Amino acid sequence: MPFPTRLVAAISLFAFAATTISAQELSQNVVEKTRRACVEVIIKGQLRGGGAFVQDSRGKTYILTAAHLFHHPGDTCVIVTADDRSHFASLSAYDLGHDLALLEVEPVLSRYGAIRVASAIPLETKAVFNFGPALGRRQLVLPGSVAHAGIAYTDFSSSQDYLAHYFVSGINPAFSSGGPWINREGEIVGVQHGRLKGDEGAPSSGLSMVSPPAAIKALIERNAIAATPGIGGFLWEIRTADRTFFDKLPDRGDGLVVNPVFKDRPLDRAGIKPHDLILSCDGTPLQRLSQLLGKLREKPAGSSLRLEVLTPGSGGSREVILTTDAIETGWR
């Protein structure tokens, strides 16, 4: 006897729901393998975050983690493996433009395995999972999903400049930094390095900032300190400016507000002051932060850009030449 139409529809809906739930889960094999390859990072006796074993194409083993865990590049550290053994490690290479660090470890530690790095950022809404000692609780598995697969830029206090990342929807508490985000296949799709702040009084917006796999692969293969082009200051889209500043502008068009400007860095050397407005770059009007920083990051450090700058109340704009520096050279 055939099933009633309503019953068939209910069964189909249940099967779809079960498939959807299953798609959010990791196999126990992936969890166990990933946990074995993850570590805690201890610097000067303090738990600072997590990391994971990775290998380059020649089979050399490193620890991948976040650069901001280190107070300065001369720090050595201890990594604690899944079996509670402690091992010394040292900073081998770093990329402040993506908040990434590579740690040198003894070859014998290859016995813990290594996690493969994915080829690309997952698509929006794809499930991803962070492994790290969140809240000091060993290797917790924290689920999330890709909120935006495009590259965004956020001001980074460690370099007094910008880092490039993508967004994952998922709250990551203290000590989760440096832990790998993996996909359902057990590949690293990023490294956790920060949480986007929420409104006043809210500790988090629910968005995590995650370094992209292409930058991870580049650091592992080169094992060299990066030279990320920097400007030495922070910029804000004009629509987000304080109302008192906004009202001082001659017209309320587009542009990027500069504040602050760091001494002896590119913005300062170009004569750009706090609260100046950058209207265009190489003749292209600016509306979004990514328009300027994306163009800047396409060129090597030491390249020059032609900016149109307006000082509110000056009566007119002026042209300046900004020559980028390498943000890694300022990390002491």
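Data for the structure
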item: Options (i) 20.7, 78; (ii) 29.2, 86; (iii) 22.7, 85 - which one matches Rg and Dmax of the Cα atoms in Å as calculated here; result: (iii)
item: Under Karplus coefficients 6.51, -1.76 and 1.60, residue-wise ³J(HN,Hα) of the range 108-122 in Hz, glycine/proline x; result: 4, 6, 4, 5, 7, x, 9, 9, 6, 9, 5, 7, 7, 5, x
item: Inter-label distance, nm, simple model (7 Å from Cα along the C-beta direction), N223/K295; result: 3.9 nm
item: Gain on full stretching of the segment that runs from S57 to R111 - 0.36 nm per residue minus C-alpha separation; result: 17.8 nm
item: Cut-off under 5 Å, modelled amide H: who pairs with S176 long-range; result: L135
item: Sequence-separation-based contact order of the range 137-231, relative, with Cα cut under 8 Å and 6+ spacing, percent; result: 23 percent
item: Accessible-area ranking of H68, H148, H165, largest first, probe 1.4 Å; result: H148, H68, H165
item: Spin-label pair K44/S304, simplified geometry with 7 Å Cα→Cβ offset, distance in nm; result: 4.2 nm
item: Those residues of the range 25-48 whose amide nitrogen sits under 14 Å from the label point placed on V141, 7 Å along Cα→Cβ; result: 25-38
item: FRET efficiency for R35 and H71, using Cβ-Cβ distance with R0 set to 30 Å, rounded to 0.05; result: 0.60
item: Accessible carbon and sulfur surface of the chain relative to its total accessible area, %, 1.4 Å; result: 54 percent
item: 31 Å Cα-Cα threshold exceeded, pairs from K197/K295; K217/K299; K33/K295; K217/K263; K60/K263; result: K33/K295; K217/K263; K60/K263
item: Two-site label geometry, L123 and V78: point separation in nm, points 7 Å out along Cα→Cβ; result: 4.6 nm
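The values are calculated or read from the model by the stated rules, or taken from the named source; none is laboratory data. Because the structure is predicted, anything quoted here is derived from the model rather than measured. Heads up, the Cβs are rebuilt from the backbone with ideal geometry, glycines too, and the neighbour counts pull from every protein chain shown. The accessibility values were calculated without ligands, DNA or RNA, using every heavy atom of the protein model including side chains. Shrake-Rupley method; radii C 1.70, N 1.55, O 1.52, S 1.80 Å.
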